[in-house]
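Report on one structure; see the data block that follows.
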Amino acid sequence: MFDSLSSKLSGVFSGLSRRGRLSEGDVAEAMREVRMAMLEADVALPVVRDFVDKVRERAVGQEILESISPGQAVAKIVNDALIEALGGAGAATLNLSAAPPVAILMVGLQGSGKTTTTGKLGLRLSSRERKRVLLASLDVQRPAAQLQLQQLAERVGVTSLPILAGQSPQEITRRAMKTARQEGYDIVVLDTAGRLSIDEALMQEVREIREIAGPAETLLVVDAMTGQDAVNTAQHFNEAVGVTGVVMSRMDGDARGGAALSMKAMTGAPIKFVGMGEKPEALEEFYPERVAGRILGLGDIAGLVEKASETLDQEESERVAKKMLAGKFDLDDYASQIRQIGKLGSVSNILGMLPGAGKLKEKLGDRDLDTTIFKRHQAMISSMTKAERRTPAIIKASRKKRIAAGSGTTVQEINKMLKQFDDMSTMMKRLNKMGLAGMKQMLSGMMSGKGNPNMPGGFGGLPRR
Ligand SMILES: Nc1nc2c(ncn2[C@@H]2O[C@H](COP(=O)(O)OP(=O)(O)O)[C@@H](O)[C@H]2O)c(=O)[nH]1
Ligand SMILES: [Mg+2]
């Protein structure tokens, strides 16, 4: 997502930054390129026009032309304009401030991801926001649809409304709201039936359900992979039933991103969440400033940090980070890091959030690092004494034999692990000095499997799955 747009825009700005001063001609030329990049990314034409006009107007201003680093100044203007186009800084959150039970109505075409998103929302609201959530399927179009939601609800540990055969969507809605009132639920998520295309019968059904439930949110789920069609769908739904927010599913795919960039401007409805996969956890808030940063290659560092801190033990990470900075990383810390790597999930996911790592991610594809090696390292470390873990240098021949026997590994493997640990410590010390640019270099070394000639091996030799 956004990869191609991102690399094109970076090209424009690095071209600009090589110049001392910008003339109006330079700006005009850059804007032509920005315009083309956006159209190629499938951004709607009116949005592109508006965007380019805005940027040009601001960039041509005197202060920019005389500023010291014009490339950066223009990048900043583009960044701000992107954030505006995406709906303004800060995530558009759910409005749940009505009296409980608060209804959330899920609408959209068939196959857009409504049921999946209903399950994701159920999980999110119950676990993060500690709400009592009831899920109800109003999809009587397809026989298995209600069962699909029921199973999903069980999987995420949220209650679903018992299925009663023969009820209409309107009847199910009444029953869901009544059950929620009687049993004290905070939130009811209503998963409606879709249609293959927008038709009046669907819209009428949605309007009737809305009348009954009085939802605080009507969330439209659209498939990011359908590009501009997603925007058209949103316009239609918004006109016919009114939409308070959009969920873009399949943002994990290779859609060009134009739909996300056009949505707010074309429909007025903000993107509230994006679906990043089929799993119930794969729902993220939509932060325009982070997306803009990602597009401009600034990397979604904030997103990465949020993801990491959610998944990892915060205090443990801080403790290890401090030791790393102080150059006092030991084998205990290494073992703790190994445990946490498992929790972070796919390496390619993490790479996608790092600045400029788009290319590496492409190379890696869906493959992931083989983590069995980490498990073996963990076994070795747990067969060591405290003193050995703290000061690996004391591990000589006889100790190695004992550790190998204890962990079911060989002395050779122990040697290799110690060497790798040693390299890693060296690398960390260098990393501190190098900053971000160095980090990218290191990553590309990791991915090519060769390592950088100036750098120790690191993970370069790890087998991949
Ligand atoms: N990769 C990916 N697949 C998704 C996402 N959201 C939904 N899906 C898949 O899309 C298909 C249709 O989803 P479903 O929720 O049944 O759509 P509905 O007809 O609108 O209820 C299912 O196979 C889902 O697993 C997403 O964010 N990413
Ligand atoms: Mg469904």
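The values are calculated or read from the model by the stated rules, or taken from the named source; none is laboratory data. Everything quoted here is computed from the prediction, not taken from an experiment. Every residue, glycine as well, gets a Cβ built from its backbone with ideal geometry; the counts of neighbours run over all protein chains shown.
Among the residues of the range 92-119 satisfying the criterion of being part of a loop (DSSP other than H, G, I, E, B) and surrounded by 22 or more Cβ atoms within 10 Å (Cβ to Cβ), which is farthest from ligand 2 (Cβ to nearest atom)? So, considering only residues that are part of a loop (DSSP other than H, G, I, E, B) and surrounded by 22 or more Cβ atoms within 10 Å (Cβ to Cβ), the one farthest from ligand 2 (Cβ to nearest atom) is 101. As a summary of the residue check, residue 125 satisfies the conditions (1) away from ligand 1 (no atom under 13 Å from the Cβ); (2) of a type in the set (A, V, I, L, M, F, W, C); (3) surrounded by 24 or more Cβ atoms within 10 Å (Cβ to Cβ) except for the one numbered (3). Hey, any hits in the range 104-112 for a residue that's farther than 12 Å from residue 188 by Cα, hydroxyl-bearing (Ser, Thr, Tyr) and out of contact with any strand residue (DSSP E or B) (no Cβ under 7 Å at 6 or more places or on another chain)? No - not one qualifying residue is present in the range 104-112. Can we say residue 130 is of a type in the set (Lys, Arg) and modelled with pLDDT under 95? So residue 130 passes the test. The residues listed here are 215, 169; of these, the one that is touching a Leu at 6+ places or on another chain (Cβ under 8 Å), more than 16 Å from ligand 1 (Cβ to nearest atom) and assigned by TED's automatic domain parsing to the domain that holds residue 283 is 215.
In this structure, residue 188 does satisfy being within 26 Å of the chain's Cα centre (by Cα) and either modelled with pLDDT under 95 or not in a helix (DSSP H, G or I) (or both). Here residue 189 does not fit the description of being within 16 Å of ligand 2 (Cβ to nearest atom) and closer than 20 Å to residue 41 by Cα. Which of the following residues is over 30 Å from residue 287 (Cβ atoms), away from ligand 2 (no atom under 16 Å from the Cβ) and among the small types (Gly, Ala, Ser): 165, 265? Step by step, each of 165, 265 is checked, and only 165 is over 30 Å from residue 287 (Cβ atoms), away from ligand 2 (no atom under 16 Å from the Cβ) and among the small types (Gly, Ala, Ser). Contact map, the range 140-165: first residue assigned by TED's automatic domain parsing to the domain that holds residue 201 and free of Cβ contacts under 8 Å to residues at least 12 places away in the same chain, second residue more than 13 Å from ligand 1 (Cβ to nearest atom) and part of a helix (DSSP H, G or I), Cβ cut-off under 8 Å, separation 6 or more or different chains; pairs are 164/172; 164/175.
Condition (residue is at pLDDT 90 or above and touching a helix residue (DSSP H, G or I) at 6+ places or on another chain (Cβ under 7 Å)) applied to the range 419-437: is it met by at least one residue? Looking for residues that are at pLDDT 90 or above and touching a helix residue (DSSP H, G or I) at 6+ places or on another chain (Cβ under 7 Å), one finds none in the range 419-437, hence no. Per this entry, residue 74 is not counted among residues that are more than 16 Å from ligand 1 (Cβ to nearest atom) and either touching a Gly at 6+ places or on another chain (Cβ under 6 Å) or among the aromatic types (Phe, Trp, Tyr) (or both).
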